[in-house]
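Chemist: Got a structure here, written out as structure tokens. Questions coming.
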Amino acid sequence: MQTTFSLRTSGQGLYEFTGSVAGWLAENDAADGLLTLFVRHTSCSLLIQENADPDVQQDLNAFFKRLVPPADDPSMSYLTHTLEGPDDMPAHIKAAMMPVSLSIPVSNGRTVLGTWQGIYLFEHRTRPHQRQVVAHLQSDR
């Protein structure tokens, strides 16, 4: 069973789509299996992260902005891929450091996430984008 989630971003940050995944599993009468999520872009990532306190997402975004600043920052003067703007190559670096796919167990048609865990797309570009995440459920059925 497979689908594609389309996520609209409005700039850098984490965008939770746990509910969309849960809804898709429920409406398709999913059973036990392994869910694979894969983002079809090279300048964003996928994460499983805390969804209880929004400060976590804010701090993660701030940390990665500090770790990999924009290409026009003097510390990034060694970069050569700069034609697509100062956020592009840093976005590729962040995506290379973080997962672009996730594997999540599914039991009785529900993801087996921890109490405070959510599924996020981590947008690394500064301008809005339409992102696609492919979901594939390998079911025991």
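Only the coordinates and a few stated rules stand behind these numbers; no lab work does. It should be emphasised that the depicted structure is a prediction, and the values quoted were computed from it without experimental measurement. In this analysis, Cβ positions are derived from the backbone assuming ideal geometry, glycine residues included, and neighbour counts consider all displayed protein chains.
Chemist: Calculated from DSSP H runs of 4 or more alone, at -39500 (n - 2.57) each and per residue, what is the 222 nm mean residue ellipticity of the chain, nearest 500?
Modeler: Numbers: 3 runs with 34 residues, N = 141.
Computed ellipticity for the chain at 222 nm equals -7500 deg cm²/dmol.
Chemist: Select from 51, 69, 85 the residue farthest towards the positive end of the dipole of the range 25-141; place +1 on Cβ of Lys and Arg, -1 on Cβ of Asp and Glu, and compute about the Cα centre.
Modeler: Of 51, 69, 85, it is 85.
Chemist: Sticking with the crude label model, points 7 Å out along Cα→Cβ, report the distance from residue 62 to residue 27 in nm, one decimal please.
Modeler: 3.7
Chemist: Assigning unit charges at the beta carbon (Lys, Arg +1; Asp, Glu -1) and nothing else, what dipole magnitude in debye, to the nearest 20, does the chain show about its Cα centre?
Modeler: My answer is approximately 260 debye.
Chemist: Something else: So what is the relative contact order of the chain, in percent, for Cα pairs below 8 Å that sit 6 or more residues apart?
Modeler: After rounding, I find 54 percent.
Chemist: Note the full-extension length gain between residue 107 and residue 76 as 0.36 nm times their separation in residues minus their Cα-Cα distance, in nm to one decimal. Write out the running numbers ahead of the final one.
Modeler: Numbers: separation 31, 0.36 × 31 = 11.16 nm, distance 4.52 nm.
Contour length minus the Cα-Cα distance gives 6.6 nm.
Chemist: Something else: Show me 22-33, 113-124 ranked by packing, highest mean number of other Cβ atoms within 10 Å first.
Modeler: Averaged packing, sorted descending, gives the order 113-124, 22-33.
Chemist: Let me ask something else. Could you compute how fast the range 65-141 diffuses translationally, taking Rh as the Kirkwood radius over C-alpha pairs and applying Stokes-Einstein at 10 °C with viscosity 1.306 mPa s? Give it in µm² per second. Please list the in-between numbers first.
Modeler: Numbers: Rh = 15.3 Å.
Answer from the Stokes-Einstein relation: 104 µm²/s.
Chemist: Let me ask something additional. For the range 2-139, what is the Kirkwood estimate of the hydrodynamic radius, computed as the reciprocal of the mean inverse distance between distinct Cα atoms, to one decimal in Å?
Modeler: After inverting the mean inverse Cα-Cα distance, the result is 15.8 Å.
Chemist: Here's another thing I want to ask about it. Where in the range 1-30 does the label zone of residue 138 land, with the point 7 angstrom along Cα→C-beta and an amide N cut-off under 19 Å?
Modeler: Those under the cut-off are 1-4, 25, 30.
Chemist: With a Förster radius of 22 Å, plug the Cβ-Cβ distance of residue 116 and residue 1 into 1/(1 + (r/R0)^6) and report the FRET value to the nearest 0.05.
Modeler: Efficiency at R0 = 22 Å is approximately 0.20.
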